[in-house]
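Everything on this sheet refers to the single structure shown next.
All of the numbers you see were taken from the coordinates with simple rules; none came from a lab. Predicted, not measured: the structure shown is a model, and the values here were computed from it. Counting neighbours? That spans all protein chains shown, and the Cβs are built from the backbone with ideal geometry, glycine included.
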Amino acid sequence: MAVFPPKEALWWKLPISRSELIWIIVAFSWGLFMFFFMIYWHGAGKQNLSNEAYRISAENFSAKTKAMVDKYTVRQYETKQGTTIPVVHPPAGSDVYLIARLWQWWPMLELEKDKSYRVHISSMDWMHGFSLQPVNINIEIHPDYEIVLTMTPDTSGEFTIVCNEYCGIGHHTMLGKIFVAENK
Ligand code: CUA
């Protein structure tokens, strides 16, 4: 019990117990193993995304997003909160922009299955978390930086973007959508 100070004041000079030594070796080796596998998993496996990040101002990013929305909006989506968010269907292979802000993902995206897109995501205010469900992709979204990821959806259907970084009173309502259309 460690509530009271040890009887032997210079406890660190006592010989180390065998079981303690084993635990230290096990924990240290596991730490080293995981450390080197972080590098390995970056290339192999599907857990780690190879994102790119660039500095960008909110004005610049919002102008690019707005231009895409003006050009490629195909319909409107009504959220449970009663707000209307445009759904865009940009051409395959193009640059797609997604804004994170209090408290929405704007716009909603409609992509085609088996086509690749360069998806740019940035925040207009403070930090949000891009969590794509049910595939469980997680990315932190910061203001003044755009994250760029190459996305090739291999399953059609409806995917939900959940904000997973607490961002205030409306955090739980910050839901977006990516629709993946079957490619004809
Ligand atoms: Cu945005 Cu939580």
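Okay, here's what the table says:
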quantity	calculated
Per residue, the convex hull volume that the Cα atoms of segment 1-73 enclose (Å³)	283
Phe28 versus Ser116: modelled label distance in nm, points set 7 Å from Cα along the beta carbon direction	4.5
Surrounding net charge for Phe61, when Lys and Arg each add one and Asp and Glu each subtract one, Cβ distance under 10 Å	-1
Isotropically averaged projected area of the chain, using the convex hull of Cα atoms (one quarter of hull area), nm²	16.5
Pairwise FRET efficiency - Asp95 versus His171, Cβ, R0 = 35 Å, nearest 0.05	0.80
Cβ-Cβ FRET estimate between Asn164 and Glu52, R0 fixed at 25 Å, reported to 0.05	0.75
Qualifying trypsin sites (Lys or Arg not before Pro) in segment 66-104, DSSP loop, other Cβ atoms within 10 Å at most 11	Lys80
Cleavage-rule hits (chymotrypsin sites (Phe, Trp or Tyr not before Pro)) in segment 102-184: DSSP loop, at most 14 neighbouring Cβ within 10 angstrom	Trp126, Tyr166
Helix 58-72 vs. the chain, principal-axis angle (Cα, 0 to 90°, nearest 10)	50
